[in-house]
Each structure stands twice: as C-alpha cells, then as structure tokens.
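Report on one structure; see the data block that follows.
The values are calculated or read from the model by the stated rules, or taken from the named source; none is laboratory data. Treat the numbers as computed from the prediction; the structure is a model and nothing was measured. Every residue, glycine among them, receives a Cβ derived from its backbone with ideal geometry; neighbour counts consider all protein chains shown.
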C-alpha cells in the first residue's frame, strides 16, 4: 500500500517519518534519465523508548553505510 496521510504508510513519506523518529533522514530523487536513488541515514545506536519504539541515540554515527548500486 501507499503512504497514509500521517506518514505511517509503506511509501517514501512513511519511511521518512520512521527514519526521523530514529534521528535519521531520507533523501530520494532521480539520478540521470533512468535511475532513482534513495539514501537513508540512520544512527548506529538507539535506545528503547518507554513505549517500546526506538528513540534517537544521543550521538549519531558519522560513518556512512553505503550499499553498492544495482542496475
């Protein structure tokens, strides 16, 4: 399914909301004529929040994780 109005869906908007809740971020967009790139930044550590969800860590990692691009 697509994204809900509150960002709780399975689309890019929902992913952006969930990453933001962890202290991360998401960027997505066209790269050239035939490629689309999605980049997610997520802190390496997180602590459990009182309601069972993960909360952002106090010090996000500066080291990026990069997956190889597939065509």
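Write out, first by first residue and then by second, each pair whose Cβ atoms fall under 8 Å of each other, whose residues are 6+ apart or on separate chains, and whose first residue, in the range 22-34, is on the phi < 0 side of the Ramachandran plot and touching a residue at least 12 places away in the same chain (Cβ under 8 Å) while the second is part of a loop (DSSP other than H, G, I, E, B) and surrounded by 12 or more Cβ atoms within 10 Å (Cβ to Cβ). Listed by first residue and then by second, the contacts come to 22/42; 22/43; 24/42; 24/43; 24/60. Only a single criterion out of (1) assigned to a loop (DSSP other than H, G, I, E, B); (2) touching a strand residue (DSSP E or B) at 6+ places or on another chain (Cβ under 9 Å); (3) at pLDDT below 55 is not satisfied by residue 4, namely (2).
All of 13, 63 fail the test of being out of contact with any strand residue (DSSP E or B) (no Cβ under 7 Å at 6 or more places or on another chain) and modelled with pLDDT under 60, apart from 63.
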